[in-house]
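Peer 1: Before we start, here is the structure in question, set down as structure tokens.
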Amino acid sequence: QESMPQTPPFAAMFDSSGYNRNLYQSKEDSCGGLYYHDNNLLSGSLEALIQHLVPSVDYYPDRTYIFTFLLSSRLFMHPYELMAKVCHLCTEQRRLSEPGLDKNWIRKIAPKILQLLTEWTETFPYDFRDERMMRNLKELAQRIASGDEVYRKKVQQLLQNLIRKLTTVGQYEEVLAKINATSKDHLTLLKTKAQTIQRDIITVCNDPYVLAQQLTHIELERLNYIGPEEFVQAFVQKDPLDNDKRCYGDQKKTQNLEAYVEWFNRLSYLVATEICMPVKKKHRARVIEYFTDVARECFNIGNFNSLMAIISGMNMSPVSRLKKTWAKVKTDKFDILEHQMDPSSNFYNYRTALRGAAQRSLTAHSSREKIVIPFFSLLIKDIYFLNEGCANHLPNGHVNFEKFWELAKQVSEFMTWKQVECPFERDLKVLQYLLTVPVFSDDALYLASYESESPENHLEKDRWKTLRFVSEATP
């Protein structure tokens, strides 16, 4: 039995030289509907690119090609349509092979088709939440497994691993729904002015280092559930063949990505709530200094997403207007962090720090040094601009594979980061608090802020009157 290329880690998958065509390729610059330049695949017709994905007896696609094409092909067709084409091409090959060599052919091709299916199910498992995908996968797998015990076991293993992954993500989504419901219940209690139920963050966790570690737990868990395809599916607005038909309308395909963005917003509002809540000025100043220490530790860990959420919470208007409170704060450390996350020159300082963390991660000896949690909104924005800035098709109708190569490079780096195990001990009490404690809405934040430090101008006075009236009128 021929040994198959093993699935290398994502970090080793892309190098700076670009996608190299497989050794089996012929040397002309344009072959079989694919166009190469300096050994790099630049473009091709959709049919030729699909053909290039399918292994044959003497060919197996480069792994970087598999990842790049499976990631980007969904901009042109549904994954189940691609799967149907792959199945068709595999069986077509079998029909074209010499009669009487069926067993021999299966022995040569089966490990390769199985490897392709393994890569697809391991890297893009959410594609198989679609019944049509699962049906096609099972049919092709059964065809390979027929008559050979070794392949039957491997197929069984592949399907079991896939079902385990899909079950786990289903459970995670249920837990998220419960957490959201709990925090909504708590918010209702808060609105009934039963403020006694509200503890504060420093009582729950007085060590900023521990809080930064627990935030990193939440970040890494939520990152881990984002499928690479969610970045691309966020841009799939409509079916390219039909202006009225929405793509993926039957099921939301970006829910884990959206849940992660919601977590960032929640953390920002949690920080603002904790600062605006205390009645005494010195308590508020203490909370600001506490969160500055948490943010600094997040920076040291490589958790840039929590760091940015904390800074944006501290920069919200209801917090930044508390001048008497800020006068009591030693702001040197906060100023340094703000400088690190300064948005000017397209977040130059942050990008430099991120590159440093990514470099450290590559040579890391411990899980702690491996942690890189990017500022997520900016990562999405970068991918969005890459997608918007380049055409999917070239003037000759070819798919612009060079663009998708760049897209895959960005997403594959994220894939490496999301697979890091969190090295810190979990503190369930702190995690529970961070995930479910009620947070104020914008109006409640302003109300708390004006009650802590009186309005300073007509605009603020009018707003305060309106907010008090609304709050008193609300039962």
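The values are calculated or read from the model by the stated rules, or taken from the named source; none is laboratory data. What you see is a predicted model; the values in this text were computed from it and never measured. Glycine also receives a Cβ, built like all others from the backbone with ideal geometry; neighbour counts cover every protein chain displayed. Accessible surface is based on the protein model in full, side chains and every heavy atom, while ligands, DNA and RNA are left aside. Shrake-Rupley method; radii C 1.70, N 1.55, O 1.52, S 1.80 Å.
Peer 1: Give the relative contact order (percent, whole number) for segment 39-189; include only Cα pairs under 8 Å separated by 6+ residues.
Peer 2: Numbers: 78 pairs, mean separation 32.7, N = 151.
Worked out over segment 39-189, it gives 22 percent.
Peer 1: Quick check: with the 1.4 Å probe, what order do His365, His217, His283, His88 take by accessible area, largest first?
Peer 2: Working: His365 175, His217 20, His283 85, His88 105 Å².
From most exposed to least exposed: His365, His88, His283, His217.
Peer 1: Mind ranking Thr273, Thr331 by accessible surface for me, highest first, 1.4 Å probe?
Peer 2: Thr331, Thr273
Peer 1: Let me ask you something else. Take Arg368, project a point 7 Å from its Cα along the Cβ direction, then tell me which residues of segment 321-362 have their backbone nitrogen under 16 Å from it.
Peer 2: 360-361
Peer 1: Let me cross-check Ser312: its accessible surface, 1.4 Å probe, with only protein heavy atoms counted, in Å² to the nearest 10?
Peer 2: Looks like 40 Å² after rounding.
Peer 1: Lys and Arg at +1, Asp and Glu at -1: add these up for the other residues within a Cβ distance under 11 Å of Cys422 and post the number. Mind showing how you got there, number by number?
Peer 2: Working: positive: Arg368, Lys370, Arg426; negative: Glu219, Glu221, Glu421, Glu425.
Computed value for this residue: -1.
Peer 1: Also: Got a number for carbon plus sulfur as a percent of segment 39-189's accessible area, 1.4 Å probe? Don't skip to the answer; put the middle values down first.
Peer 2: Numbers: 3710 of 6890 Å².
Ligands and nucleic acids excluded, carbon and sulfur give 54 percent.
Peer 1: For segment 39-189, what is the accessible area per residue in Å², given a 1.4 Å probe and the full set of protein chains?
Peer 2: Working: 6890 Å² over 151 residues.
Using a 1.4 Å probe on heavy atoms only, each residue of segment 39-189 averages 46 Å².
Peer 1: In the full protein assembly as shown, how much of Phe440 is accessible to a 1.4 Å probe, in Å² to the nearest 10?
Peer 2: Taking all protein chains as shown, Phe440 has close to 20 Å².
Peer 1: Pairs to check: Lys281/Lys465; Lys333/Lys381; Lys253/Lys418; Lys323/Lys381. Give those whose C-alpha atoms are more than 30 Å from each other in this structure. Kindly include the intermediate steps, with their values, before the conclusion.
Peer 2: Values: Lys281/Lys465 22 Å; Lys333/Lys381 28 Å; Lys253/Lys418 18 Å; Lys323/Lys381 33 Å.
Check vs 30 Å cut-off fails for Lys323/Lys381.
Peer 1: Moving on to the next point. Mind checking which aspartates and glutamates have their Cα closer than 13 Å to the Cα of Lys330? Skip sequence neighbours fewer than 8 apart in that chain.
Peer 2: Glu289, Asp293
Peer 1: Ranked by accessible surface with a 1.4 Å probe, highest first, in what order do Tyr384, Tyr446 come?
Peer 2: Numbers: Tyr384 95, Tyr446 35 Å².
Ranking Tyr384, Tyr446 by accessible area, largest first, yields Tyr384, Tyr446.
Peer 1: Right, here's the next one. For Asp442, what accessible surface area do you get with a 1.4 Å probe? Give it in Å², rounded to 10.
Peer 2: So the heavy atoms of Asp442 present about 70 Å² to solvent.
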